[in-house]
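FYI, it's all coordinate maths here, none of it is from the lab. Just so it is clear, the model here is predicted, and its values are computed rather than measured. For neighbour counting, all protein chains shown are included, and Cβ atoms are generated from backbone atoms with ideal geometry for every residue, glycine included.
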Amino acid sequence: MQSSEKLYKLSRLVTVIIPVKNEEDAIGLVIDELLKVGVPRDKIIVIDGHSTDNTREIASSKGVMVVEQDGNGKADAVRKGISLTKTQYILVIDGDYTYPAHYIWEMLRLALEKDCGEVIGARLSGRNNIPLLNRFGNWFLTKTFNLLFGTRLQDVLSGMYLVKRDLLDYALFETKGFSIEAEIAAHVAGSGEEICEYPITYRKRIGEKKLKVTHGLQIFLDMIRLSWSYNPIFLIALIGALLLVPGIVLGVWTSYEYFAKSIKHYIKGIVAIILTAVGAQSLLLSIFAVYAKRAELRLLRAIRKLQHRLETR
């Protein structure tokens, strides 16, 4: 079979969603590049977030579908795009020209070969094009996500990711704005599907940067909120483990008062012991919850792989 035929078959499996707002300098380049690497024009959907510049006009001139989103923010744009797709996979890509389009086919092949529920384009090269503060924030948020959801990802917040379309029919979609990447990953992980990563090169952004420190804080808070939906035992135990802090502080203080000044604080000492004991038990429970969640995910993945093999026979 010729490579062009393979590319044609792959191209019918995926719809590309581009959420944009005021990206007139980059959107034309993004669409041109997608067309150049073989993405059919009818498989590209631009979701416009009420742009006040010429973004819509430029996108429309390329002959692709352009739809104005409901609501505001990236999450609403992605949700709108998902509702318009019927292909086996969707691929979300930012409209700022930072993500090279040719990675689409490698990501799709990886999804098909390994039966991945999601493939994230991990920005492992070109990280110098990410501002230092954003780079640190992305590292911290990815580590937080891994801790909360039992994953081992390197770049959960990448703006280029491929997802099985049918998985998203049952997503809760509780978050707003830039937290949508974390929510989709949390849903995929919570469904027992494999999240794969494909290393990509990140390019310098064209146009004005939109991500701010406040967005990073909101993503962190949304991750905590998502963990309540997908891993509540861990979150409850982790909150309980925070009692270790006042317990240890109070315990050190009462010990110092007793040994250095011969002052006895019976009640405070008992409180310190109780807080420390409860906090330590909660910490152990949170660790157990993480490993239990990972075991659950491995079991779910094994079941899904077995189902997939039976269905393909």
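A few notes on this one:
- Crossing angle, helix 103-114 versus the chain [Cα axis fit, 0-90 degrees, rounded to tens]: 70
- Rounded to the nearest 10 degrees, the angle from helix 27-36 to the longest Cα principal axis of the chain is 70 degrees.
- Loop-located trypsin sites (Lys or Arg not before Pro) in the stretch 145-180 (DSSP state other than H, G, I, E, B) with a sparse environment of at most 12 neighbouring Cβ atoms within 10 Å: Arg152.
- One chain, two ends: Lys86 and Thr201. Fully extended at 0.36 nm per residue, the span grows by 38.5 nm beyond their Cα-Cα distance.
- Length available on full extension from Ala295 to Arg152: 0.36 nm per residue minus the Cα-Cα distance, which gives 50.1 nm.
- Each Cα pair of the stretch 103-254 feeds into the Kirkwood radius, which the Stokes-Einstein equation turns, at 4 °C and 1.567 mPa s, into a diffusion coefficient of 77 µm²/s.
- Placing unit charges on the Cβ atoms only, positive for Lys and Arg and negative for Asp and Glu, gives the chain a dipole magnitude near 900 debye about its Cα centre.
- DSSP loop GluC sites (Glu not before Pro) with at most 15 other Cβ within 10 Å: longest gap in the chain: 1-173
- Of Lys86/Lys212; Lys36/Lys86; Lys62/Lys209; Lys6/Lys164, pairs whose Cα-Cα distance is over 29 Å: Lys86/Lys212
- Measuring spread by the Cα atoms of the chain yields a radius of gyration and Dmax of 23.5, 87 Å.
- Helix 266-312 and the longest principal axis of the Cα set of the chain meet at an angle near 30°.
- Dipole-positive endmost among Phe220, Ser262, Val252 within the stretch 167-304 (Cβ charges, Cα centre): Ser262
- Per-pair calculated FRET efficiency, R0 = 45 Å: Leu7 and Glu174 via Cβ, rounded to 0.05: 0.75
- Computed from label points 7 Å out along Cα-Cβ, the spacing between Ser229 and Asn54 is 4.0 nm.
- Computed FRET value (nearest 0.05) for Asp42 with Lys209, which takes r as the C-beta separation and R₀ as 35 Å: 0.65
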